[in-house]
1. Do we find that residue 94 is more than 10 Å from the ligand (Cβ to nearest atom) and farther than 25 Å from residue 12 by Cβ in this structure?
2. Report whether or not residue 109 is near the ligand (Cβ under 9 Å from one of its atoms) and either out of contact with any helix residue (DSSP H, G or I) (no Cβ under 9 Å at 6 or more places or on another chain) or under 25 Å from residue 26 (Cα atoms) (or both).
3. If you check 152, 137, which single one turns out to be more than 11 Å from the ligand (Cβ to nearest atom) and touching a helix residue (DSSP H, G or I) at 6+ places or on another chain (Cβ under 6 Å)?
4. So, in segment 26-55, exactly how many residues are more than 24 Å from residue 89 (Cα to Cα) and exposed (fewer than 15 other Cβ atoms within 10 Å of the Cβ)?
5. Tell me whether segment 117-131 contains one or more residues that are buried (at least 17 other Cβ atoms within 10 Å of the Cβ) and closer than 22 Å to residue 46 by Cα.
6. For residue 103, indicate whether it is touching a helix residue (DSSP H, G or I) at 6+ places or on another chain (Cβ under 8 Å) and either within 24 Å of residue 46 (Cα to Cα) or outside any loop (DSSP other than H, G, I, E, B) (or both).
Ligand SMILES: CC(C)(COP(=O)(O)OP(=O)(O)OC[C@H]1O[C@@H](n2cnc3c(N)ncnc32)[C@H](O)[C@@H]1OP(=O)(O)O)[C@@H](O)C(=O)NCCC(=O)NCCS
C-alpha cells in the first residue's frame with residue numbers, strides 16, 4: 001500500500017478506474033472530474049488522503065480515500081471512506097480488505113470510528129469487514145445510500 005501522494009503517476013489511472021465504475025448519472029460523467037477529484041484527495045497529511053495498491057507490474061490494483069465527509073446529507077462526524085475501488089479483474093482476493101485495514105489504521109490515530117456511505121451492492125463487503133449498518137437514506141441526487149460505521153481500536157502506548 002502506498003500513499004497516492006507518493007505515486008503521482010498513478011493518479012490518472014486511479015481516476016480512470018473510478019470514472020469507469022461510477023461515471024454515469026446521477027454521478028458526474030466527465031472523466032476529467034474523476035481524475036481531478038482523485039488528485040484533490042491525494043493528500044499527505046490530514047484529510048483527504050488516499051492509499052493505492054499496485055500489482056507486480058506497477059499497475060493500479062485498487063485505491064481508497066478518507067475524507068472529512070462523503071455525502072452532503074451527513075457532514076456531522078468525520079472521517080468517511082471515499083472512492084473505495086478494486087480493479088475488476090482482481091476482486092475477491094482480499095485487496096479491498098487490506099486497503100480498508102490501512103485506512104482504518106490511519107483513522108484510528110485520531111478518531112473513535114469511521115463511516116462509509118454505499119450506493120451500490122458492496123454493503124456486504126463492509127459488513128464482512130466489521131461495519132454495521134446505521135441507516136439507509138435517499139440522497140438529494142435521488143440515489144439510495146446505506147450508511148455504515150465501524151468502531152476503531154486506538155493504539156495505546158506500551159507502559
Ligand atoms: C467492494 C470492493 C471494493 C471489494 O473489494 P475486493 O478486493 O473484491 O474485496 P475482498 O476480496 O477484500 O473481500 C473481503 C470480504 O468481503 C466479501 N465481499 C467482497 N465483495 C462483496 C460483496 N459485494 N458483497 C458481499 N461480500 C463481499 C468477500 O467475500 C470477503 O469475505 P471474507 O474475507 O470474509 O471471506 C470491490 O468489489 C469493488 O471495487 N467494487 C466496485 C466499487 C464499489 O462498490 N466500491 C464501494 C464503494 S462505497
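1. So residue 94 does not fit the description; no.
2. No, not satisfied.
3. Among 152, 137, only 152 is more than 11 Å from the ligand (Cβ to nearest atom) and touching a helix residue (DSSP H, G or I) at 6+ places or on another chain (Cβ under 6 Å).
4. 6
5. yes
6. In short, no.
Bear in mind that the values in this text are calculations on the coordinates, not laboratory data. Note that this is a predicted model, so its numbers are computed, not measured. Quick reminder, even Gly has a Cβ in these numbers, built from the backbone with ideal geometry, and neighbours come from all protein chains shown.
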